[in-house]
1. Taking θ as phi - 60°, what are the ³J(HN,Hα) couplings along region 218-226 by the Karplus curve (6.51, -1.76, 1.60), each to the nearest whole Hz, with x for Gly and Pro?
2. Whole number please: convex hull volume per residue, Cα atoms of region 124-165, in Å³.
3. When a/c reaches 1.5 or more, the comparison of a/b and b/c decides; with that in mind, is region 9-284 rounded, prolate or oblate per its Cα gyration tensor?
4. With every protein chain kept in place and ligands, DNA and RNA left out, what is the accessible area per residue of region 9-284? Probe 1.4 Å, answer in Å².
5. Give me the three principal axis extents of region 1-155 from the C-alpha atoms, as integers in angstrom, largest value leading.
6. What are the chymotrypsin sites (Phe, Trp or Tyr not before Pro) within region 23-103 that DSSP puts in a loop, where the Cβ has at most 16 other Cβ atoms within 10 Å?
7. Could you put 34, 176 in order of accessible surface area, largest first, with the 1.4 Å probe and the full protein assembly present?
8. Among 223, 165, 243, which residue has its Cα positioned farthest towards the positive end of the charge dipole of the chain, with +1 placed on the Cβ of Lys and Arg, -1 on the Cβ of Asp and Glu, and the dipole taken about the Cα centre?
Amino acid sequence: MLSYKHAFHAGNHADVIKHMCWLGVINYLKKKEKPFTLFDTHSGAGCYPLNSEQTQKNREYESGIDPLANVQPNAELLKMYLDAMDFYWQQQQYPGSPLIATRALRPQDSAHYMELHPNEADILTDVIRGVGMGNAHVHHRDGLEGLIAMTPPNPNRGAVLIDPPYERFDEYREVKEAVTKLFRRWQNAQLVLWYPLLSARADKKSGVSEVMIEALAGMSKTAFSAELHIDKKENDTGMYGSGVLVMNPPWQLDVQLDAALKEVCGHLGPNAISKIRWLKQESDQ
Ligand SMILES: C[S@@+](CC[C@H](N)C(=O)[O-])C[C@H]1O[C@@H](n2cnc3c(N)ncnc32)[C@H](O)[C@@H]1O
């Protein structure tokens, strides 16, 4: 089943926290001249015109990037995110994770983008070609299987974004297994795993992200979670927020995200809150 299309959700609050975090990780890797490799397991189509029928259906960007677009940001990470968005936003587009990453790569870095939906993979190839593929590679294949097959990279410095649609209940288990395998193969990978926060309306999926995150926190890796809630769970609006689990996080990313998310919340309505929680610190190991 591949019915999920990211165009319906482009630029929503989940994209804001995920893309801000991913940029924070990439930016930290760029502090050293040494090359790095990025892996994006569920890449999507790469760029989303805001005026498309799909994006216009629920106009989810109105509870995400839209209220932020004209903000003069104070937080460094929010500024970096809005700067990366600006070129596309001016053209009524929202860039997806592979496009954001490709624009940040240096000649010595490389990236692997996996996407299973054939049409999305074709569009992504065109989008990435449009900015000059360089060392960016699009793979039409299963993302978790591809990740394990292609890691560790050489040299083994880099980061992974796992951003599944979670359409199937089994995806939560598959992600947990893939992360376990990933760290067996590539100990120092930096990982950003996005997860939805779902109210009771989501029935048996409600609370499953939280269980997955706690299980992954049991691994011997430093980890924190950052969450952006735009509604109260008890209001039962379905996806009331989302989070990122960051394993082997770069130094100070928690502090940067905290400042950026607090500022974001000020623009996303009265129920918006953010939370940063360390699940395992160096001293716990
Ligand atoms: C949430 S979207 C990705 C959005 C993208 N990461 C971004 O931030 O711009 C999830 C994508 O995963 C793709 N997908 C679903 N199952 C997959 C699988 N097993 N392997 C790779 N891609 C998959 C879907 O077609 C969809 O495009």
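1. Ordered by residue, 3J(HN,Hα) equals x, 6, 7, 9, 5, 7, 9, 10, 10 Hz.
2. Each residue corresponds to 95 Å³ of Cα convex hull volume.
3. Rounded, since a/c falls under 1.5.
4. 43
5. Reported extents, whole Å, longest axis first: 41, 40, 24.
6. Counting only loop positions with at most 16 other Cβ atoms within 10 Å, none of the chymotrypsin sites (Phe, Trp or Tyr not before Pro) in region 23-103 qualifies.
7. Descending accessible area places them as 34, 176.
8. 223
The values are calculated or read from the model by the stated rules, or taken from the named source; none is laboratory data. Owing to the predicted nature of the structure, the values given are computational and were not obtained by experimental measurement. Glycine also receives a Cβ, built like all others from the backbone with ideal geometry; neighbour counts cover every protein chain displayed. Surface accessibility is based on the protein's heavy atoms, side chains included, excluding ligands, DNA and RNA. Shrake-Rupley method; radii C 1.70, N 1.55, O 1.52, S 1.80 Å.
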